[in-house]
C-alpha cells in the first residue's frame, strides 16, 4: 500500500521529496490526486480548450470561424482572437449579442456572460 499526501497543492508519495510530516495537510483521496495530476499535466486545459474551439466553430459559422479562435474563458468572459480587422469590427458591432445568445442557449452550463474580441496576428 502506498500513501499519497497533498501538501499545499503538491503531491508527495513514495520516492517524492522529503518534507517533515507536520507540513502535510491530510491523506488525499484518489479523486483529488487525479485532479492534481490532470491539472499539472495540462490535460484538463487541453480538452477544455478543444471543447471551446468546437463550440465557437459551431456558433460562429465557417466564414468567421476561419478568421477567429477562442483564446480563453475567464470569469464568464469568452475571449476570442480575431485575425482580420473587418471581421473584428463586424463581431464587436453587429454580431456580438446574437453570438452570445446562441452560446448561452446551447451551452448554458458554461456560464458565459460576455464575449470579448481582440485583434491577433
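The numbers here are math on the coordinates, done by the rules we state, and not lab data. Bear in mind that the values here come from a model prediction, so they are computed numbers and not experimental data. Cβ placement follows ideal geometry from the backbone for every residue including glycine, while neighbour counts extend to all protein chains displayed.
In nm, to one decimal, how far is the residue 114 label point from the residue 92 one, both placed 7 Å along Cα→Cβ?
Each label point is offset 7 Å from its Cα along the Cβ direction, giving 1.5 nm.
In nm, give the distance between the simple-model label positions of residue 47 and residue 74, each being 7 Å from the Cα along the Cα-to-Cβ direction.
2.4 nm
Can you figure out the FRET efficiency of residue 104 with residue 83, using R₀ = 30 Å and their beta-carbon distance, to the nearest 0.05?
About 0.75, to the nearest 0.05.
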